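Quick one: the structure is below, questions incoming.
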Amino acid sequence: MSVESAPPAKPALTVLLVSPRGYCAGVERAIQIVEAALASRDDPIYVRHEIVHNRHVVEELEAKGAVFIDEISEVPDGAVVIFSAHGVPRSVVDETRDRKLEFLDATCPLVNKVHAEAASRVRQGYHVLLIGHAGHPEVEGTMGQVPAGSISLVETAADAERVAVPDDARVAYTTQTTLSVDDTAHIIAALKRRFPAIAGPNRSDICYATTNRQDAVKAIAPRADALLVIGAPNSSNSRRLVEVAASHGCARSILIERAGDLDWAFLDGIATLGITAGASAPEVLVQEVIDALRRRFDVTVEDVVVREENVVFSLPRALVG
């Protein structure tokens, strides 16, 4: 009689599941705005650009009736349009009002703070230097708050060394909210060295969620053989998490959108795996990845809580009561 051999044991894998991770208050608010608008109306709701940078979220909202468009010209007369969490230039708001379209603004309150800072500095006669990434919708929205020529984009420390301003004594800076805290510090230091009188915000414009998620990655990176960041490839804060991991002891770090993107060869020889998620990635995608790992590994999950978050942003009055 033959004896069936036992299936080979799965290799052991410790998962360092770090917190804070995933949705921030601004993302929660933006998604709630779209869902509330859809629930209150029978007609389609139009959303300018991805409400947040995550295809899973966008596809779920499309299934509920949201229509995502690139330009206001695509919105039919009489329809409702929602601005994404990243914010929009003033020209978009003006076009919407000129067409007498009803609109809801899902811009993150922390991005609105940056908009207000830039506009206030320009009114005071400053030339504004915006630290950010060209082409990102948040940067386009912030630069679109002020007249052309009154704001310059600074992407790197090298840019900071060569940017020209009309008056060295009337310069201010502000930043995109989703950048690397460490990289931004280098750029700000270069600007302060070149422009000793430069004015900055009272508090860092890097948002609390970006800072917290980067600090969490720093806490686990030295312990991890590899690290997965779950988030969209066009998500600035998610890409920064990969960079932070690499610069704090875990060079084997990658960004994936969901479990189907896992490269199993990447995990060869890994005993300890860090996992986090960008601020626009839902928790369901994190659990999807862990479930996929369990099919191949004997997984032990260690929850690593670096900081608690309890920030909540209120919805627009038009959707409340």
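Would you be able to say whether some residue in the stretch 194-204 is assigned to a helix (DSSP H, G or I) and surrounded by fewer than 21 Cβ atoms within 10 Å (Cβ to Cβ)?
Here is the first cut: in the stretch 194-204, the ones assigned to a helix (DSSP H, G or I) are 194.
Checking the rest, the ones that are also surrounded by fewer than 21 Cβ atoms within 10 Å (Cβ to Cβ) come to 194.
Within the stretch 194-204, one or more residues are assigned to a helix (DSSP H, G or I) and surrounded by fewer than 21 Cβ atoms within 10 Å (Cβ to Cβ).
How many residues are closer than 15 Å to Gly200 by Cα and either surrounded by fewer than 22 Cβ atoms within 10 Å (Cβ to Cβ) or of a type in the set (Gly, Ala, Ser) (or both) when one looks only at the stretch 133-152? Steps first, please.
Narrowing the stretch 133-152 to residues closer than 15 Å to Gly200 by Cα: 151-152.
Then drop every residue that is not either surrounded by fewer than 22 Cβ atoms within 10 Å (Cβ to Cβ) or of a type in the set (Gly, Ala, Ser) (or both), which leaves 152.
Matching residues across the stretch 133-152 total 1.
Are there any strands (runs of 3 or more DSSP E) wholly within the stretch 225-321 with 1 or more residues that are surrounded by fewer than 20 Cβ atoms within 10 Å (Cβ to Cβ) and modelled with pLDDT of 95 or more, and if so which? So that I can check it myself, show each step before the final result.
On the way: elements: 226-230, 253-256, 272-277, 298-305.
Here the list reads 253-256, 272-277, 298-305.
OK, next. Would you mind finding the one in Glu28, Glu102, Glu35, Glu71 that is within 30 Å of Leu227 (Cα to Cα) and of a type in the set (Asp, Glu)?
Numbers: Glu102 fails: within 30 Å of Leu227 (Cα to Cα); Glu35 fails: within 30 Å of Leu227 (Cα to Cα); Glu71 fails: within 30 Å of Leu227 (Cα to Cα).
Residue meeting the stated conditions: Glu28.
Residue check, Ser19 against (1) surrounded by 21 or more Cβ atoms within 10 Å (Cβ to Cβ); (2) in the same structural domain as Asn212 (by TED's automatic domain parsing), all met but one. Which one?
(1)
Oh, and also: Do we find that Asp42 is more than 30 Å from Ala221 (Cβ to Cβ), of a type in the set (Asp, Glu) and part of a loop (DSSP other than H, G, I, E, B) in this structure? Spell out how you get there, then give the answer.
Numbers: more than 30 Å from Ala221 (Cβ to Cβ): yes; of a type in the set (Asp, Glu): yes; part of a loop (DSSP other than H, G, I, E, B): yes.
So Asp42 fits the description; yes.
Within the group Thr178, Thr210, which residue is among the polar types (S, T, N, Q), in contact with a Ser or Thr (Cβ under 6 Å, 6 or more places away or on another chain) and part of a helix (DSSP H, G or I)? Walk me through how you get there before you give the answer.
Numbers: Thr178 fails: part of a helix (DSSP H, G or I).
Only one candidate passes the filter, namely Thr210.
From the list Glu74, Glu117, which residue is in contact with a Ser or Thr (Cβ under 9 Å, 6 or more places away or on another chain) and over 23 Å from Pro233 (Cα atoms)?
Details: Glu74 fails: in contact with a Ser or Thr (Cβ under 9 Å, 6 or more places away or on another chain).
The match here is Glu117.
Collect the residues in the stretch 1-24 that are out of contact with any helix residue (DSSP H, G or I) (no Cβ under 7 Å at 6 or more places or on another chain) and at pLDDT 95 or above, keeping them in residue-number order.
Filtering the stretch 1-24 down to residues out of contact with any helix residue (DSSP H, G or I) (no Cβ under 7 Å at 6 or more places or on another chain) leaves 1-12, 14, 17, 23.
Passing the criteria: Pro11, Ala12, Thr14, Leu17, Tyr23.
Among the numbered criteria (1) touching a strand residue (DSSP E or B) at 6+ places or on another chain (Cβ under 6 Å); (2) closer than 30 Å to Ala37 by Cα; (3) among the hydroxyl-bearing types (Ser, Thr, Tyr), which single criterion is violated by Tyr126?
(2)
Please count how many residues of the stretch 174-188 are over 20 Å from the mean Cα position of the chain (by Cα) and either outside the structural domain of Gln145 (by TED's automatic domain parsing) or more than 21 Å from Ala246 (Cβ to Cβ) (or both).
1
Here's something else I'd like to know. Search the stretch 25-42 for residues being modelled with pLDDT of 95 or more and acidic (Asp, Glu), and hand back the single one that is nearest to Ser253 (Cα to Cα).
Result: Glu28.
The values are calculated or read from the model by the stated rules, or taken from the named source; none is laboratory data. From a predicted model like this one, the values you see are computed outputs, not experimental measurements. Note: ideal-geometry Cβ built from the backbone for every residue, glycine included; neighbour counts use all protein chains shown.
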